Amino acid sequence: MADLDDERLLQDPVLRLKAALHAACGKICEQLQTQSNVTVDKQVVAAIGDITFQQIGTFCQDLDAFAKHGKRTTINTDDVRLLCRRNPGLLDKVDDFQRVLKPSKATNRSTTNRTNVSSRYDDHNVDITVVESSSDMDDIN
């Protein structure tokens, strides 16, 4: 049964993403526990992961709707800003991030070689960890 779950997890990118999100939520909760005198139940960690996954799905649908409303097939920063309109703190962070990227964006446009456009994101530490087996999920649950 565990082999079947492992195989399904490796083949389904949505399950892998969900497992990685649960792992990240578990690590954040572990950090919270070590920094303060708070204990986080494993069911709470799982609930936070599920709610976060659902919220990301809603964000994706909203961003898609904003782009379609603008008669575009590509989601741009204006769509992201519109998504964040009810959260001023998050909107400020998005604006700051956009200001950091603008100089790099102008540099990339001036060159003819666009093969390494993603390099403008290299300065931002984004870590995505994918859980490789269901035994890693047991550590979270």
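For this structure, a couple of remarks:
- His69, His22 arranged by Cβ crowding within 10 Å, fewest neighbours leading: His69, His22
- Residue-span extension gain [Asp96 to Arg16] - 0.36 nm each, minus C-alpha spacing: 25.7 nm
- Look at Glu7, Glu30 and count the other Cβ atoms within 10 Å of each Cβ; fewest to most, that gives Glu7, Glu30.
Any read-out appearing in this document is the output of simple, stated calculations on the displayed coordinates, not a laboratory observation. On a predicted model such as this, the values are computed, not experimentally measured, just so you know. Virtual Cβ from ideal backbone geometry, glycine too; neighbours counted across all protein chains shown.
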